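Heads up, the thing below is written out as C-alpha cells.
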Amino acid sequence: MIFRVPFVWVQFFILYVSCDSGPLEDVVIDRYDIPKICPREVQMGDFVRYHYNGSLKDGQKFDSSYDRGIAVAGFAGVGRLITGLDRGILGMCVNERRKLIVPPHLGYGSIGVPGMIPADATLYFDLILVDVWNKNDQLQITTLEKPSHVTCNRTVQDSDFVRYHYNGTLLDGTFFDSSYSRSSTYDTYVGSGWLIKGMDQGLLGMCPGEKRKIIIPPFLAYGEKGYGTVIPPQSSLVFHVLLIDLHNPKDGITLQNQVLPDICKRKAVTGDYVRYHYNGTLMDGLFFDSSYSRNTTYNTYIGMGYIIPGMDAGLQGVCIGEKRRIIIPPHLGYGESGVANSIPGSAVLVFDVHIIDFHNPKDSVDIEVTHKPDTCNITAKKGDFIKYHYNCSLLDGTQIFSSHDSDNMQQITLGRNNVIDGLDTGLQGMCVGEKRTVHVPPHLAHGQSGARGVPPSAVLRFDLELTHLEDGVPEGYLFIWLEDTPENLFEAMDLDKNLEVPLEEFSTFLKTQASEKRGRFVPGVEPDQSIEDMFGNQDRNKDGKITADELKLKNEEEADIVHEEL
Ligand SMILES: [Ca+2]
Ligand SMILES: [Ca+2]
C-alpha cells in the first residue's frame, strides 16, 4: 500500500509531463491486470521471480525471459536490478501484470548495453510476477476444513506414517503434481526426512479428514536446485493437502466408544466363538465393508489367527451385547498391500462392532434358577412327562418363540429327544412352579446350520416355567405295574369268566388297576389310546377278543416286554 498510491499519482503526473523527460522523471507503472485476491505484495528485500518482455521505444525487443524459458529470479528493491525494475516491481502481487516505462537514468543511462541497448534509451517492460518470498518467511498453514464425522483424538506427530492426497502448484497456480492424478494417496513417514522440510512441518497436527493449504518457501522446499523440469529453482510451493489417515508403527489397536451391557457374566477369551456385527470404515470415514449389508453376523473363533491380528486382539474381553470401536493400524490389519478394490495399502481400519453372542465349544447349558417354590421336593427327571411355558430368544433380544403367545403349553417326555438337547437338560431337575433362565450353546441347540428364526451358531436363551410333572414309565411302555403282576393275568382280565376278553373288558380291567394304584398308564397319552394300542397288540388274530392262548403266545414271544406291559 505504501507504494501504490504514489505510483498511481506518478502515472497521472507523467501523462502530462512525459514529453519533458528529465532527471526527475520516475518509472511509469501501469498495473493493467491485478488479480482479485492479492495476499501479498512485493516489498523491499523480497525474493521475486518474474517473466518480462523488454523493448525499446520503437517496439524492438531487446530481451525476454520467455525466450530463455525461465523466469528471472532475484531480490527486489535492494539494488541488484536496474533501479527502474527495482522500483517498478515493488507492490506487485503474484500474477499481476504491469507495464513499466523506465527512463534512461533509471535504466542503463548514457552508456546503454553495447549491441543491445542504445545510450539514453527509455525501456519498456511488460512484467508478470510468478513468485515472491522472503528469507524470514515461515510456513503458511491454513486449515480449510476440519472433519465433523471423526473425533480428532489424535493428530500427526513426528515419526507417524501418514496417507494423504495433495495438489501441488507453484505460487502462480502452475500445476506440478497431484496424488489425485494417480488415484492413490501419497504414503510416507513424517519428520524422518523423506519429505521436504516444509511438508514434514506442515503435516504436523493434522487430523484425518482435515484439509490444509500449506505454502512453503523454497528454502523449506527444493531450494536453489528446484526439482526436475516441473519445479524451477527458488520456487515457493502451494500444497492443498487432505489427510486420509495416520498411524505409528509402534501403535497397537485402540479401543473407543465402548458401550457395556448392564450385566456381563463373562468376557470373551481366545478360543471362544463370537458372533458380531460390524461396520468397517477407513479413518476418513470412507465405508469399505459391513456385516449389516449382508444381514448376517460375522462369526469366528477369536485369538486363533482366523481373522486379522488387530481384530483377534480387539475382540478379546468383549461382553455379550457390548459395542466398541476397534482402530487397527495396518501392520495389524491388511499391511502395505491392503485388499484389492476395498482397502488401500497401509490403511488404518476403523471397526464399529456389536457383539451378538459368543460361546465356547466346551460350554454346557448354563442354568440360572430365577424362582424356586417353597416346596420343591419332586423334580423332573428323564422319562418324566412335563408341561412348561417358555420364551425363546436370541441374546440380542430377538424373540424366536413364546408359548405364552398361545394357550398351548409345551408338553414333552424328558430324555426322549422331544426337544433340543440343551433345553431337555435345562428342564431336568425342575420342580413344578420353578422358573429358570437357561442359555444353550449352539452345539446343544440348532448347531451351525441354525433353524427357522435361529441363525447358524446362535446361543439361545430360554425362560422356563415348569407347570406340570408326572412320573414317567420306561421307554416303550404304555402301562406299568406298581405292584406285583396278578398270578394268572388272563383269569384276572376275564372279568365275566367267558374265556375271552374283548376291548371293553380289557379297558375296564386296566382302568380299575390304575384307579386302585396297582398300575399306571404312560403319562401324556390318553389312557383309551394306550388301551387300544395294547389290545391290538394282544389280539393276534384281530377278531376283537383276546384269548388265553393269544396272551400265552404273546407272552412266550416277547416274554419280558409283554410281562411288564401288562
Ligand atoms: Ca370275558
Ligand atoms: Ca383274538
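The numbers here are math on the coordinates, done by the rules we state, and not lab data. Quick caveat: nothing in here was measured; it's all calculated off a predicted structure. Counting neighbours? That spans all protein chains shown, and the Cβs are built from the backbone with ideal geometry, glycine included.
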**Q.** Positive minus negative residues near Gly107 (Lys, Arg vs Asp, Glu; Cβ under 14 Å)
**A.** -3
**Q.** Whole-Hz couplings from phi, Karplus 6.51/-1.76/1.60, listed for the stretch 444-457; x for Gly and Pro
**A.** 10, 10, 9, x, 7, 8, x, 8, 4, x, 10, x, x, 6
**Q.** In degrees, nearest ten, helix 503-515 long axis to first principal axis of the chain (Cα)
**A.** 80
Q. Hey, got a sec? Which trypsin sites (Lys or Arg not before Pro) in the stretch 50-87 land in a DSSP loop and have at most 13 other Cβ atoms within 10 Å?
A. Lys57, Arg80
Q.
Please list, in order along the stretch 152-168, the HN-Hα scalar couplings obtained from phi with the Karplus expression 6.51 cos²θ - 1.76 cosθ + 1.60 (θ = phi - 60°), rounded to whole Hz, x for Gly and Pro.
A. 8, 6, 8, 10, 5, 10, 3, 6, 6, 9, 10, 10, 8, 9, 8, 10, x
Q: Using the Cα centre as the reference, give the magnitude of the dipole from point charges on the C-beta atoms of the stretch 479-565 (Lys, Arg: +1; Asp, Glu: -1; all else neutral), rounded to the nearest 20 debye.
A: 200
Q. Under 5 Å between amide H atoms, partner at least 5 residues away or on a different chain: which partners does Glu322 have, H built in plane at 1.01 Å?
A. Ile355
Q) For the stretch 140-247, with only Lys/Arg (+1) and Asp/Glu (-1) charged at the beta-carbon, what is the dipole magnitude about the Cα centre, in debye rounded to 20? A) 120
Q. Using +1 on the beta carbon of Lys and Arg, -1 on that of Asp and Glu, and nothing else charged, what's the dipole of the stretch 295-379 about the Cα centre, debye to 20?
A. 160
Q: Tabulate in residue order the Karplus-calculated ³J(HN,Hα) for the stretch 375-386, using 6.51 cos²θ - 1.76 cosθ + 1.60 with θ = phi - 60°, rounded to whole Hz; enter x for Gly and Pro.
A: 9, 8, 8, 9, 10, 6, 9, 3, x, 6, 9, 10
Q.
As a footprinting exposure proxy, order Ile231, Ile307 by other Cβ within 10 Å, with the fewest listed first.
A. Ile307, Ile231
**Q.** Rh (Kirkwood; distinct C-alpha pairs) - the chain, Å
**A.** 33.0
Q. Relative contact order of the chain: what whole-number percent is it, with Cα pairs under 8 angstrom and at least 6 residues apart?
A. 8
Q: Name the residues whose placed amide hydrogens come within less than 5 Å of the amide hydrogen of Ile70, ignoring near sequence neighbours (fewer than 5 apart) on the same chain.
A: none
Q: Place +1 on the Cβ of every Lys and Arg and -1 on the Cβ of every Asp and Glu in the chain, take the dipole about the Cα centre, and give the residue among Leu171, Ile412, Asn360 whose Cα lies farthest towards its positive end.
A: Leu171
Q) Just going by the charge dipole of the stretch 140-247, with Lys and Arg at +1 and Asp and Glu at -1 on Cβ, which of Pro233, Gln201, Ile141 is farthest out on the positive end? A) Ile141
Q | For the chain, with +1 on Lys and Arg beta carbons and -1 on Asp and Glu, the positive-most of Leu349, Val28, Met430 along the dipole | A | Val28
Q.
List the residues, sorted by chain then number, that are 5 or more residues from Val525 or on another chain and whose placed amide H is less than 5 Å from its amide H.
A. none
Q. What span do the alpha-carbon atoms of the stretch 254-359 cover on each of the three principal axes, reported in whole Å from largest to smallest?
A. 39, 24, 24
(Q) What does the charge count around Ile231 come to, taking other residues whose C-beta lies under 15 Å from its C-beta (Lys +1, Arg +1, Asp -1, Glu -1)? (A) -1
